[in-house]
1. One-quarter of the Cα convex hull surface for the chain, in nm²?
2. Accessible area of the chain with a 1.4 Å probe: how many percent of it is carbon plus sulfur?
3. Give the ranking of I109, I30 by solvent-accessible surface, highest area first, calculated with a 1.4 Å probe.
4. Using a simple spin-label model with points 7 Å from Cα along the Cα→Cβ vector, what separation in nm is obtained for D144 and L63?
5. Taking only protein heavy atoms into account and a 1.4 Å probe, give the accessible area per residue of region 64-210 in Å².
6. Could you give the DSSP H helices of the chain that reach 15 angstrom or more along their long axis (alpha carbon positions) and whose average Kyte-Doolittle hydropathy is no lower than 1.6?
7. For the ranges 54-61, 39-46, what's the packing order if you count other beta-carbon atoms within 10 Å of each residue, average per peptide, and put the highest first?
8. Roughly how much of T134 is accessible, in Å² to the nearest 10, using a 1.4 Å probe?
Amino acid sequence: TAGAEDPPAADRADPQQFYLLAAANGLLWIVAVAMETALAVDLVDRLAAPAWLAGILFTVNTLIVAGLQFPLNTWLADKHLPRWLLAGCALLLALPAALSVLTTTAGLITLIAITLTAMVATSVGEVLSDQTRTRLLLQHVPADAPGRHLAHSQTMVGLALGVAPILAGALLPLPLPVIWWVLIGLALVAMGLIQFAARRQQPSKEDLLA
């Protein structure tokens, strides 16, 4: 299994694998930032929810993300990272999936229950996907010029942070929950890139025996 005991991955890193992971990382940043940008607006404007619900959801997200950082970091030390990255991405989709099907016909209690449950799952997925993809990028950065490759990865993140609010602003005025459909689509593309990158990696002896 992949983990802290593995030999330095830079010696056997595949540049294409690294950039597939970097591209997936950029897409997931777009999803995360656009989701935060769009959440309150969509709840209040399209679903006619009280504004305080958005505040509660953000508080839940903050508490879970802060509380899980150290436990998950320790727990992931000996885990197969691509598998858990995909699991984190799947959990990340809980809130966009819920908001993509909710309408104003849902009662307030139903709306609160569904969005709170979805936010808990999405928050766990946020921490899990963030920690696993950070570890994978560091493990697979090519050895020839690691600083340059990491700078390229960070440039993708910077572009994602700039694109996400523009994307949310462009799609939120539409009458249908198009923003959530698009974010689900982007996350699925990222998951495909992660899966493709994982298949390029030569399995270690431990992986073959697992």
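1. Convex hull of Cα atoms, orientation-averaged projection: 11.7 nm².
2. On the chain, the fraction of accessible area on carbon and sulfur atoms equals 70 percent.
3. I109, I30
4. Between D144 and L63, the simple spin-label model gives 5.0 nm.
5. Averaged over the residues of region 64-210, the accessible area is 51 Å².
6. 178-200
7. Highest-to-lowest ranking by the protection proxy: 39-46, 54-61.
8. In the full protein context, T134 sits at about 70 Å².
The values are calculated or read from the model by the stated rules, or taken from the named source; none is laboratory data. Quick caveat: nothing in here was measured; it's all calculated off a predicted structure. No Cβ is skipped: glycine too gets one built from the backbone with ideal geometry, and neighbour counts run over all protein chains shown. We work out accessible area using only protein heavy atoms, side chains counted, and drop any ligands, DNA or RNA first. Shrake-Rupley method; radii C 1.70, N 1.55, O 1.52, S 1.80 Å.
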